[in-house]
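*Asks:* I'd like to ask you about the structure that follows.
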Amino acid sequence: MLLVLLLAPLLTGFVRSVKARLLRRHGPPIIQPYRDLLRLLRKDAVLAHNASWLFRVAPYLIFAATWVAAALIPTFATGLMFSWSADLIAIVAMLGSARFILALAGMDVGTSFGGIGSSREAMIATFSEPAMIMIVFTLALIAGSTELSTVASFMLSSAVGLRVSLGLALVALIMVAIAENARIPVDNPATHLELTMVHEAMVLEYSGRHLTMIELSAMLKLLLYVSLIACVFAPWGLAPDGAGPIAYLIGIAAYILKLAIAGLLLALFETSIAKMRVFRVPDFLGAALMLGLLAMLLRFVSRSL
Amino acid sequence: MIYGVACVIALVATVAALAQLTGERSPVSTIVLPLGLPWVGAHFRLDALSSFFLVVVDLGAAAASLYAIGYGRHEGEPLRVLPFYPAFLAAMNLVVLASDAFTFLVSWEFMSLASWALVMVRHRDPDNRRAGLIYIVMASFGALCLLLAFGLLAGPEGGYAFEAIRAAHHAGPVATLVLALVLLGAGSKAGLVPLHVWLPLAHPAAPSHVSALMSGVMTKVAVYGFIRIAFDLLGNPTWWSGMVVLILGGITAVVGVLYALMQHDLKRLLAYHTVENIGIIFIGLGLALAFQANGMALAAALALTAGLFHVFNHSLFKSLLFFGSGAVQTATGERDMEHLGGLIHGMPFTGFAFLVGCVAISALPPLNGFVSEWMTFQAILLGPDVAQWGLKFTIPAVGALLALSAALAAACFVKAFGISFLGRPRTAAAERATEVDRFSLASMFILAGLCLLAGILPGFVIDALAPVTQSLVQAGIPVQGGVPWLSIVPIAASRSSYNGLLVFLFITASAWTATLAIHRFASRAVRRSAPWDCGYPDANPITQYSASSFAQPIRRIYGTNLFRARERVEMPPPGDTAPAHFYLELHDLIWEWLYLPVTGAVCLLADRFNHLQFLTIRRYLSLVFLALITLLLALAIWD
């Protein structure tokens, strides 16, 4: 649990610095996100006059839900202590809870930017959540379980092979991950005053420690999706249940390597593509939804696809 | 006074039914009263299915009565509500207990009529009169279908008792016809699309505690009717009957929630949302039928448990939400969300209870709505084992529809709560709103507590449902009481498990740790100031996002075809200072394409036959004679 919390800002900082390098800027040092978070922590929280209790509670709830969800994803070993307490569907739904509260918090002060963000986030969620459920279904039908540990162990075994449905699910999952983490081309994480912003518009009124929590949950969410993709589609190096310390060390090294590769690819992708209009997003995510549905249908039709 | 008594009676009935349901080897008790048709009598029977629905009915009734002790004081004409309210409650109980066709239908009609009278309480409003008319027409249509269904089931010998029907083992075209009629009859009461049109009109028109009962409980009685006939009386389902129910359920779920998203009347939004939840319940029932037809008893039990669990959940949170909207109406006199906003400041307790209801109905962990949806998903995952290709394509498609409706429901309740309770007050009435009375609050908080309990301890509910599935599909999912840490494991631990209690504890614990750590080691100072809003704050609350602007992206994406949604902006010519106008056009295609032609045809026929009223006695006699001859001829040819 602590590992993901400590690594999350590092991944964000890494992506930022790679992006800066690609644009031939020096960019901030890789540990800048930690400094930002600490700086925000020390500042006073400024609330609008009419902010309600929901506005003050929301950051902690969002953080807690995201953190618990992130902690339930196998990072370097498959046998997590409480992995049976929530399966993949529940993890997706927990992220849904976090989003629900965030969207409400965006509407609490009653500014037009908050409303615009919440409304668009709700629209994006109506595509990304079903797409995610379809992907989960595909994985569950292949591995015969919705438990993430079991899925990861199954993916490590030789019974998997190359499957069409897995490929479709991978593409769909990457598309959903991009949208969920408010990355380009769906949303721009670096923006702060733009009519097309979604995530940033919702959190516009937050400051100080509340903003720390929100930012940290966004970083955790990015790490969560990268870990999820890594543990399902690139499970190499995951230490099996009850392995020795060397296996765990290899697992950790492999995990950090996977994060670095994913961060590199993400930065490359983001610098090479332009942001799309808000009303193009449904086309993008609709494609993800259809890919997920197709993958699931293939599994229903044939056991070998 | 009446509400107090009703509350006590309903509570006693709840406890009795719960004891019957969970008691060891609960015997099925029957009673025959010498009422009703002389050669049939009135049969009543209390088995597992009846006891479960009795719990749902009476729990809802108890909560509604408690709520009404406070809420009923604001009623303008209490004498229009009080006589019908207990009759409505009694009729719902009788439907669930009835064990012969005659008693069932009489109680069913009694329930419809009593609720119709309650819908017509505010009859001076022309909209309510229209709602009442449509409701009574649809209710009569539904009752007619059920009447025909029972006629077919009883056969020419007139075996109206459920025992006789069960023993008859219907199959072939009769069973098909009965199932179609039951889908029409019970479906129109429950609100299956496209028979839902009366529901969003009639439910909001009644006083709020009655709306809660109609939405949270009466639709469940309709679901009971469907289960009783399709699972218990007919038995041996065919696979395509499961497919039909599945498709209807899936369409109902998505269409219902899309309609709900387009509304800005709080109570109407909730009523459309009932349509969505009925869809989810019917998905569970359809899956159970399909699995049963394939001989997969365990999967059928899981799907049925999921459906019944959702019945229970929906009765809890839908009642809670209707109570909340009633409280809002009492405090502000408004149902239109565009006139609300910022209520969380004036009504913090109602706001909290309403928020719990919103999270629960959006199927988000750790509350109860998620558990039943999770179980439905688990049942869908057992789908590839069915043999028929039709089902192999239908089940994943319905799974996608279910996931879509869950996501849309979350959007819908962000809108419902965000627009009415958060933000800045849009009218003076919303600004002056104060908290409602203690009875109403107590009722809402009890329901909210039950939502949380059923969410974090779902194993107990599932175990209580085991006798029901045992009697209907002859299988139960494994006992959940003994699973460590109170998780639920519907099939096997390696396949799937969910632990609401731990999820709840983890989230609470992490939130507390984060809060305490930050307040201890970092800053805890708070400064108040004007909102930032990117430097463009506008003092006028009208500039906030409204209910219809919140739904705009979703309306554009989903509504362009489904509702023929069209937006038009009229700008004044340059230099003119006149305001610009925004027009929004929405069509209810189901109403326009299905109901208006039928109504038109009925009116046309009535007009044509009108001159039959003014014939001479000679012609009437010849008409009677002709009819007699035709009937005799028909009989002669038939034999």
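The values are calculated or read from the model by the stated rules, or taken from the named source; none is laboratory data. Remember, it's a predicted structure, so these values are computed and weren't measured experimentally. Virtual Cβ from ideal backbone geometry, glycine too; neighbours counted across all protein chains shown. Just so you know, the surface numbers come from the protein's heavy atoms only, side chains and all, with ligands and any DNA or RNA stripped out. Shrake-Rupley method; radii C 1.70, N 1.55, O 1.52, S 1.80 Å.
*Asks:* What are the residues whose amide H is under 5 Å from the amide H of B:Ala42, where those residues sit 5 or more places off or on another chain and H is modelled from the backbone?
*Replies:* For B:Ala42, the qualifying residues are B:Leu33, B:Leu35.
*Asks:* When the Cα atoms of the range A:127-257 are enclosed in a convex hull and the volume is divided per residue, what value in Å³ results?
*Replies:* That works out to 142 Å³ per residue.
*Asks:* How are the C-alpha pair distances of the range B:237-513 spread across 5 Å bins, as whole percents from the shortest bin up?
*Replies:* Computed distribution, short to long bins: 1, 6, 13, 16, 16, 15, 12, 9, 6, 4, 2, 0, 0.
*Asks:* Taking the Cβ of A:Ala93 as the centre, find all other residues whose Cβ is under 13 Å away and add up their charges (Lys, Arg: +1; Asp, Glu: -1).
*Replies:* That sum, taken over residues with Cβ under 13 Å, equals -2.
*Asks:* A further question follows. Ordering A:Ile273, A:Ile73 by accessible area with a probe of 1.4 Å, largest first, what comes out?
*Replies:* So, going from the largest accessible area down, we get A:Ile273, A:Ile73.
*Asks:* Reachable aspartates and glutamates from A:Lys275, Cα under 13 Å, same-chain residues fewer than 8 places away excluded?
*Replies:* A:Asp187, A:Glu194
*Asks:* Ordering B:Lys392, A:Lys275, B:Lys220 by how much accessible area each has at a 1.4 Å probe, largest first, what is the list? It would help to have the intermediate numbers written out before the result.
*Replies:* Working: B:Lys392 30, A:Lys275 60, B:Lys220 0 Å².
From most accessible down to least: A:Lys275, B:Lys392, B:Lys220.
*Asks:* Now a separate question. To the nearest whole percent, what portion of all C-alpha pairs in chain B is separated by more than 41 angstrom?
*Replies:* 29
*Asks:* Further, regarding this structure: Can you tell me the 0 to 90 degree angle between the C-alpha axis of helix B:84-97 and the longest principal axis of chain B, rounded to 10?
*Replies:* 60
*Asks:* Kindly give the semi-axes, whole Å and largest first, of the ellipsoid equivalent to chain A, taking each as the square root of 5 times a Cα gyration tensor eigenvalue.
*Replies:* Semi-axes from the Cα gyration tensor: 31, 22, 19 Å.
*Asks:* Using a 10 Å cut-off on Cβ to Cβ distances, tally the other chain neighbours for every residue of A:49-62 and report the average as a whole number.
*Replies:* Details: counts 5, 10, 5, 9, 5, 9, 2, 2, 2, 0, 4, 8, 6, 1.
Mean inter-chain Cβ contacts per residue within 10 Å come to 5.
*Asks:* Also, quick follow-up: Would you list B:Ile136, B:Ile617 from the most to the least accessible area, probe 1.4 Å?
*Replies:* B:Ile617, B:Ile136
*Asks:* Quick one: divide the alpha-carbon radius of gyration of the protein assembly as shown by 2.2 N^0.38 Å and tell me what you get.
*Replies:* 0.98
*Asks:* How large is ³J(HN,Hα), in whole Hz, for each residue of the range B:393-404 in order, when computed from phi with the Karplus curve 6.51 cos²θ - 1.76 cosθ + 1.60 and θ = phi - 60°, using x for Gly and Pro?
*Replies:* My calculation for the range B:393-404 gives 8, 6, 4, x, 5, 5, x, 5, 4, 5, 4, 4 Hz in order.
*Asks:* Then there's this: Given a 1.4 angstrom probe, I'd like the percentage of the accessible area of the range A:1-99 that is carbon and sulfur, rounded to a whole number. List each step's numbers first, then the result.
*Replies:* On the way: 2730 of 4070 Å².
For the range A:1-99, the apolar C and S fraction of the accessible surface comes to 67 percent.
*Asks:* Using only the alpha-carbon atoms, how far is helix B:297-332 inclined from the longest principal axis of chain B? Give it as 0 to 90 degrees, nearest 10.
*Replies:* Between helix and principal axis, roughly 60 degrees.
*Asks:* Now a separate question. Pairs to check: A:Lys43/A:Lys258; A:Lys19/A:Lys258; A:Lys19/A:Lys221; A:Lys221/B:Lys267; A:Lys258/B:Lys415; A:Lys221/B:Lys220. Give those whose C-alpha atoms are more than 28 Å from each other in this structure.
*Replies:* Result: A:Lys43/A:Lys258; A:Lys221/B:Lys267; A:Lys258/B:Lys415; A:Lys221/B:Lys220 exceed 28 Å.
*Asks:* In whole Å, largest first, what are the principal axis extents of the Cα atoms in the range B:375-511?
*Replies:* 62, 37, 35
*Asks:* Arranged from highest to lowest average of other beta-carbon atoms within 10 Å per residue, in what order do the peptides B:3-11, B:345-353 appear? Before the final figure, lay out each step's value.
*Replies:* Working: B:3-11: 17.9, B:345-353: 20.8.
In decreasing order of mean packing, B:3-11, B:345-353 become B:345-353, B:3-11.
*Asks:* If you add up the charges near B:Cys358, with Lys and Arg at +1 and Asp and Glu at -1, over every other residue whose beta carbon is less than 12 angstrom from its beta carbon, what do you get?
*Replies:* Cβ neighbours under 12 Å give a net charge of +2.
*Asks:* Specify whether the C-alpha gyration tensor of the range B:448-603 places it in the rounded, prolate or oblate class, a ≥ b ≥ c being the square roots of the eigenvalues: rounded for a/c under 1.5, otherwise prolate if a/b is larger than b/c and oblate if not.
*Replies:* Verdict is oblate for the range B:448-603.
*Asks:* On to the next question. When all C-alpha to C-alpha distances in the range B:581-639 are sorted into bins of 5 Å, what percent of pairs does each bin hold, rounded to whole numbers?
*Replies:* Bin by bin from 0 Å, the calculated values are 4, 13, 10, 11, 11, 12, 12, 8, 6, 4, 3, 3, 2, 1, 0.
*Asks:* Another question about this same structure. Over chain A, what is the relative contact order in whole percent, taking alpha-carbon pairs under 8 Å and six or more residues apart? Display every interim value, and only then the final one.
*Replies:* Details: 450 pairs, mean separation 95.6, N = 305.
The normalised contact order for chain A reaches 31 percent.
*Asks:* Count, for each residue of B:486-492, the Cβ atoms from other chains sitting within 10 Å of its Cβ, then give me the mean as a whole number.
*Replies:* 1
*Asks:* Between beta-carbons, use under 14 Å as the cut-off and find the net charge around B:Ala406, counting Lys and Arg +1, Asp and Glu -1.
*Replies:* -2
*Asks:* While we're looking at this one, here's another question. Using a 10 Å cut-off on Cβ to Cβ distances, tally the other chain neighbours for every residue of B:536-546 and report the average as a whole number.
*Replies:* Values: counts 4, 6, 2, 0, 0, 1, 0, 4, 7, 12, 1.
Across B:536-546, the average partner-chain Cβ count within 10 Å equals 3.
*Asks:* Compare the peptides B:554-564, B:628-638 by average per-residue count of other Cβ atoms within 10 angstrom and give them in order, highest first.
*Replies:* The packing order, highest mean first, is B:554-564, B:628-638.
*Asks:* Kyte-Doolittle cut-off 0.5, length cut-off 20 Å along the helix's own axis using Cα: show which whole DSSP H helices in chain A pass. Intermediate values should be presented prior to the final figure.
*Replies:* On the way: long enough: A:2-22 (31 Å, 1.57); A:53-71 (27 Å, 1.42); A:88-108 (30 Å, 1.85); A:112-143 (45 Å, 1.20); A:164-180 (24 Å, 2.42); A:208-233 (38 Å, 1.45); A:245-271 (39 Å, 1.84); A:281-301 (30 Å, 1.88).
Length and hydropathy pass: A:2-22, A:53-71, A:88-108, A:112-143, A:164-180, A:208-233, A:245-271, A:281-301.
*Asks:* With every protein chain left in place, what is the accessible area of B:His587 in Å² (1.4 Å probe, nearest 10)?
*Replies:* Roughly 60 Å² of B:His587 is accessible to a 1.4 Å probe.
*Asks:* Right, here's the next one. Based on the alpha-carbon gyration tensor of the range B:1-236 and its eigenvalue square roots a ≥ b ≥ c, which shape applies: rounded if a/c is under 1.5, prolate if not and a/b is larger than b/c, or oblate? Working shown, then result.
*Replies:* Numbers: a/c = 2.07, a/b = 1.34, b/c = 1.55.
Oblate.
*Asks:* Heavy-atom accessible area per residue, the range B:237-513, 1.4 Å probe: how many Å²?
*Replies:* Using a 1.4 Å probe on heavy atoms only, each residue of the range B:237-513 averages 25 Å².
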